[in-house]
Amino acid sequence: MILTPLDEPALARLLEAAVAGADPLEVMPPADGPPGWTAQRRAAFLEFHRARSLRPETAVERTWVVDVEGTAVGAARLERHGDAVEAGIWLSRDVRGRGIGKQVTASLLDLAKDSDATRFVASTTADNRGARTLLSGIGASLATEGDDVAAELPLS
Ligand SMILES: CC(C)(COP(=O)(O)OP(=O)(O)OC[C@H]1O[C@@H](n2cnc3c(N)ncnc32)[C@H](O)[C@@H]1OP(=O)(O)O)[C@@H](O)C(=O)NCCC(=O)NCCS
C-alpha cells in the first residue's frame, strides 16, 4: 500500500475507485438529485476534492489516493482544526477487511506526528465497527454520543 498525494491524474483514478466500489455517501457529502453515481454526482465528487485539496485558495486538507499494486482503492485525508489534525479514510468494498485500513491509519498517524499538531482526531458512527477498531487500535480514546463517535489521541 502506498499513499499517493492527490493531483488531477490521481483524482481521475480515485473517481473510478469510488464509482466501482463505494456508495456516494461513504465518500462525499450528500448531493441533490437521484441516487447513485450519476453524472451530476461524479462531477460533484471531482469538485469536492478540487475545492478541499487541489485549489490553493480553498484547500482545507491534504488528500492521498490509497494505491495497492498500482490501483486506486480508496482515499485518506488529514485536515487541520486548530491544534488538532483530523483523519479520514474510505476504501473500496472489495479490499475492506484485509488490513489495508490498519496500514493507512498507521501512515496517517505518522504524517500527523510529523506535523506540529498536538492531537489526532477522527469521527465515525457507533455502527462502524471497522473504523472503531482501527481507531482504538492506535490507542485513541473513543467517546460515543448517540450515533456519533469521536476519537482522540494526543500526539507527542
Ligand atoms: C472503515 C474502513 C476504513 C476499515 O478499513 P479495513 O481495511 O476494512 O480494516 P482492516 O482490514 O485494516 O481492519 C482493521 C481492524 O478492524 C476490524 N474490522 C474491519 N472491518 C470490520 C467490520 N466490518 N466489523 C468488525 N470489525 C472489522 C478488523 O478485524 C481489524 O481488527 P484487528 O486489528 O483486531 O485484526 C473500511 O471498512 C471502509 O472504508 N469503510 C467504508 C468507509 C468508512 O466507513 N470509512 C470510515 C469513516 S470514519
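So, with a 1.4 angstrom probe, what is the percent of accessible area on the chain that is carbon and sulfur?
Answer for the chain is 53 percent, counting heavy atoms of protein chains only.
Given C-alpha coordinates of the chain, what is the ratio Rg to Rh with the Kirkwood estimate of Rh? Provide the component values of the computation, followed by the final result.
Numbers: Rg = 15.2 Å, Rh = 16.0 Å.
Reported Rg/Rh, Kirkwood definition of Rh: 0.95.
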(message) I need the phi-derived Karplus couplings for the stretch 144-152: 6.51 cos²θ - 1.76 cosθ + 1.60, θ = phi - 60°, integer Hz, Gly and Pro marked x.
(response) 9, 9, x, 7, 8, 10, 10, 10, 8
(request) May I ask you to give the solvent-accessible area per residue for the chain, in square angstrom, as obtained with a 1.4 angstrom probe? (result) 55
(message) Using the Cα centre of the chain as origin and beta-carbon charges of +1 (Lys, Arg) and -1 (Asp, Glu), tell me which of ALA75, TRP64, GLY21 is placed farthest towards the positive end of the dipole.
(response) GLY21
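Stretched out fully, how many nm does the piece from ALA126 to GLU47 gain, at 0.36 nm a residue minus the Cα gap?
25.5 nm
The values are calculated or read from the model by the stated rules, or taken from the named source; none is laboratory data. Keep in mind that this is a model prediction, so the values were computed, not measured. Quick reminder, even Gly has a Cβ in these numbers, built from the backbone with ideal geometry, and neighbours come from all protein chains shown. The accessibility values were calculated without ligands, DNA or RNA, using every heavy atom of the protein model including side chains. Shrake-Rupley method; radii C 1.70, N 1.55, O 1.52, S 1.80 Å.
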